[in-house]
Amino acid sequence: MTEVLTRDSPVRFLKGVGPARAARLLRLGVQTIEDLLYLFPRRYENRGVAAPLASLQAGSFSSAVASVVAIERKPTRKRNLSLVTALLSDGSTLAQAVWFNRRGLEKILLPGSKASFFGKVDRRGGFLQFTNPEFEIIAGEDGSPGQRTIVPVYPGTEGIYQKWLRRLVSETIGSFPGDLTDPLPEFIREAKGLTPLETAISQMHFPTGREEWARARKRLAFEELFLLQVALAIRKQGYMEDTEGKPLTWKGPLMERFLAEVLPFPMTGSQERVLSELARDSSGNIPMNRLLQGDVGSGKTVVALIFLLAAADSGFQGVIMAPTEILARQHHRRLTDWLSALGVPVHLLVGSLPSSRREEILEEIASGEPCIVVGTHALIQKTVRFGSLAAVVVDEQHRFGVLQRGALAGKGDHPHVLVMTATPIPRTLTLSVFGDLAFSVIDELPPGRIPTVTRHLHDPDDPRLMKFIAKEMARGGRVYWVCPVIEESEKLPLMPVIRRHEILAERFPEEKVGILHGQISPEEREETMEAFAGGDISILVSTTVVEVGLDVSEATVMVVEDAHRFGLSQLHQLRGRVGRGSSAGSCFLVGRPGTDEGRARIEVMCSSSDGFRIAEKDLILRGPGEICGVRQHGITDFRIADLVKDRRLLEEAREDAFSLVRSDPSLSGFPDLRREVFRKLGAKLRLAGTA
Ligand code: ADP
Ligand code: MG
């Protein structure tokens, strides 16, 4: 290695890496020296404590330590195939190893040398036989000392490649790039007894034992969590430095009238508490940035509405963004009903508006008249300009990318921002993805709710289910029936919405059966939703377009067909569509799960109605990206850290990170840390400033 390596040097600069091998490494995601150093083993083999040959199982992949008794190259009948056969012994048992087309092997594995072998074991003619095993010489035929006994096994190709990769990694560690500095402040590293970076990387590849490996891993995981928390702390710091927010008036005339004359129920204690948190945060000139969590049906909408009224009372505009048009229209309907008596204009801005209507609304919004705007992604288009936006609500935030809330907030002049999520997100994820926000939680349901009973059925035509539905409808209840796909497909044997709609229409000729999916025009969807909410339609067959937010209090039955196809939080959301009024809801999860994971999900749903518990399970089953829609931004794509296993470490990292940023907001005393945070997360989190 003649060149001085930097972390960004391409692996091609390494000795022995030509174009072919560089291409192979690229397939493992390795382009640079840093990538190579962070290509950690998938597993390790402990070749020091190999099992006796006699205990090997035919058909398994196993390792064993044995001496070479004899080795020879044998001709085969096929001319271009050469075969090397070795006779092995561990002192009490004999075994055999064969390799195809491995030139020169007999010159390395000399008789008398001791090696560990790893590979597929079969039984051939009374002998146990390794076929094409990997091996590592432990002692030469002269008894010279061997190499390490714990050997890393990398992801990717098995075979000689592993050995080559091991050497490559080991050499690269030997000339560790000088610019890959340890970003952890020394005082934190020392206080926590964390291994320095270079040592940790080396020990991850070549640990001498489990404890050393665990310490190395912990250090690297801590670093990842810490860097993210520092970035979030910097973001939060940025919010605190902004003093250009507009103080909102609470308990103004609109809010007072709404609470006294319009609101049909008393607030729950949780709702009251959250409102006082919002009032405290938004009545000053530092813009609020708050996350509101609350399980499905806990009553987040009305809290958001009161926040928006505070903006209107203060002479400003407020906006609420929902992930689907159906939900935006429902919010619009509800807000219009509630606010018509108060004379606050409520506008709807969604993709399907006729362009003339759209122009009108855009003009009114741009004029700055106090109003409330409800919409979808359509709100964050360039052409949308708000004249005096002071309050921003993002509903069902987990359905949006992390940065979309920023795009909407960017429409205002330092507005107060409230993001809401109904999928309760496990605390570890909340701290990672929303760690820059203040948290509020609604942790009780409105009084009088009866928990929804969930059952698993194998057969959608189960007569018991049909009888149950008929009975519910006779009592005035309404039924959601959700299928995974719209149309028949040859590839997936799943029940399509269209077919189920026909079947149910035939089965219940005296009832009106509606259909709802993404291919139906928005106007028709709106009509169908209204008919379902109003009771003209009593069974609504749909895709998951009904998943989030819909609120029809007469709906009492949710049937989910091929339920194992859906994610846990999706199922929880779907179930949350029923049991929202004072009558009990029932949820039927139908299907024959073919995988353990599918069975596990249904099992969790049948045994728990607690959104937080379900979210924890979801995190374990699916991983973080899927839950929060953050995959594309990669914020939680940790190389080492694991939000399930490392929850304690996360809390520690958060505490250290926030206290560090408090004491040194510009990280001027920690240039290496600052550089690394901006390098890894500056763009992803849109951190202000440069490294
Ligand atoms: P989510 O938190 O899932 O968005 P919603 O805001 O849609 O829930 O509220 C669910 C239902 O509960 C709505 O019909 C709403 O009007 C009703 N609700 C909200 N708060 C209360 C309350 N304090 N008492 C009674 N009903 C309430
Ligand atoms: Mg909601």
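The values are calculated or read from the model by the stated rules, or taken from the named source; none is laboratory data. Being a predicted model, the structure only gives us computed values, none of them experimental. All Cβ positions, even for glycine, are placed from backbone atoms using ideal geometry, and neighbour counts span all protein chains on display. Calculation scope for accessible area: heavy atoms of the full protein, side chains included, ligands and nucleic acids excluded. Shrake-Rupley method; radii C 1.70, N 1.55, O 1.52, S 1.80 Å.
Do we find that Asp443 is surrounded by fewer than 22 Cβ atoms within 10 Å (Cβ to Cβ), more than 16 Å from ligand 1 (Cβ to nearest atom) and of a type in the set (Asp, Glu) in this structure? The answer is no for Asp443. In summary, His501 fulfils each of the numbered conditions (1) surrounded by 19 or more Cβ atoms within 10 Å (Cβ to Cβ); (2) over 18 Å from Phe588 (Cα atoms) with the single exception of condition (2).
Selection over the range 33-65 of residues that are open to solvent by less than 40 Å² (accessible area, probe 1.4 Å) and in contact with a Pro (Cβ under 6 Å, 6 or more places away or on another chain) gives a count of 2.
Of all residues in the range 559-568, none satisfies being more than 16 Å from ligand 2 (Cβ to nearest atom), more than 25 Å from Pro593 (Cβ to Cβ) and open to solvent by 10 Å² or more (accessible area, probe 1.4 Å). Among the residues of the range 10-21, is any β-branched (Val, Ile, Thr) and open to solvent by less than 10 Å² (accessible area, probe 1.4 Å)? Among the residues of the range 10-21, at least one is β-branched (Val, Ile, Thr) and open to solvent by less than 10 Å² (accessible area, probe 1.4 Å), which makes the answer yes. Identify, from the list Ala64, Ala115, Ala86, Ala97, the residue that is in a strand (DSSP E or B) and more than 49 Å from the chain's Cα centre (by Cα). Ala86 is the lone residue from the list that is in a strand (DSSP E or B) and more than 49 Å from the chain's Cα centre (by Cα).
If you filter the range 656-691 down to residues that are closer than 14 Å to Lys236 by Cβ, at pLDDT 90 or above and assigned to a helix (DSSP H, G or I), you find that the one that is most open to solvent (accessible area, probe 1.4 Å) is Arg662. Residues that are under 21 Å from Ala470 (Cα atoms), in contact with a Leu (Cβ under 6 Å, 6 or more places away or on another chain) and assigned to a helix (DSSP H, G or I) are absent from the range 493-501. Of everything listed in (1) touching a residue at least 60 places away in the same chain (Cβ under 8 Å); (2) among the β-branched types (Val, Ile, Thr); (3) open to solvent by 20 Å² or more (accessible area, probe 1.4 Å), the single unmet condition for Thr383 is (1). Flag set for Ala533, criterion: touching a helix residue (DSSP H, G or I) at 6+ places or on another chain (Cβ under 9 Å), among the hydrophobic types (A, V, I, L, M, F, W, C) and part of a helix (DSSP H, G or I). Of note, Val392 satisfies the criterion of being within 13 Å of Ile320 (Cα to Cα) and away from ligand 1 (no atom under 16 Å from the Cβ). For Val546, the stated conditions hold: it is closer than 21 Å to Val302 by Cα, modelled with pLDDT under 90 and more than 12 Å from ligand 1 (Cβ to nearest atom).
Residue count for the range 153-196 under the criterion of being more than 32 Å from the chain's Cα centre (by Cα), within 15 Å of Pro41 (Cα to Cα) and not in a helix (DSSP H, G or I): the result is 1. If you check every pair at least six apart or on different chains, which have Cβ atoms under 6 Å apart with a residue in the range 334-351 that is aliphatic (A, V, I, L, M) first and a residue that is part of a loop (DSSP other than H, G, I, E, B) and crowded, with 16+ Cβ neighbours inside 10 Å second? Going by the 6 Å Cβ cut-off, the qualifying pairs are Val350/Thr376. For the range 386-414, a tally of residues being within 16 Å of ligand 2 (Cβ to nearest atom) and open to solvent by 40 Å² or more (accessible area, probe 1.4 Å) returns 1.
Listed here are the helices (runs of 4 or more DSSP H) enclosed by the range 245-315 that have at least 2 residues being within 15 Å of ligand 1 (Cβ to nearest atom) and either in contact with a Leu (Cβ under 7 Å, 6 or more places away or on another chain) or in contact (Cβ under 8 Å) with a residue 12 or more places away in the chain (or both): 269-282, 300-313. What are the residues in the range 259-317 that are under 18 Å from Leu437 (Cα atoms), open to solvent by 10 Å² or more (accessible area, probe 1.4 Å) and out of contact with any Ser or Thr (no Cβ under 7 Å at 6 or more places or on another chain), if any? Arg273, Leu275, Ser276, Ala279, Arg280, Asp281, Ser283, Gly284, Pro287, Asn289, Lys300, listed by residue number. I'd like the full set of residues that are under 14 Å from Lys74 (Cβ atoms), of a type outside the set (D, E, K, R) and surrounded by fewer than 18 Cβ atoms within 10 Å (Cβ to Cβ), limited to the range 99-125. Answer for the range 99-125, where residues must be under 14 Å from Lys74 (Cβ atoms), of a type outside the set (D, E, K, R) and surrounded by fewer than 18 Cβ atoms within 10 Å (Cβ to Cβ): Phe100, Asn101, Leu105. For the range 571-615, filtered to residues that are of a type in the set (Val, Ile, Thr) and assigned to a loop (DSSP other than H, G, I, E, B), the residue that is least open to solvent (accessible area, probe 1.4 Å) is Val578.
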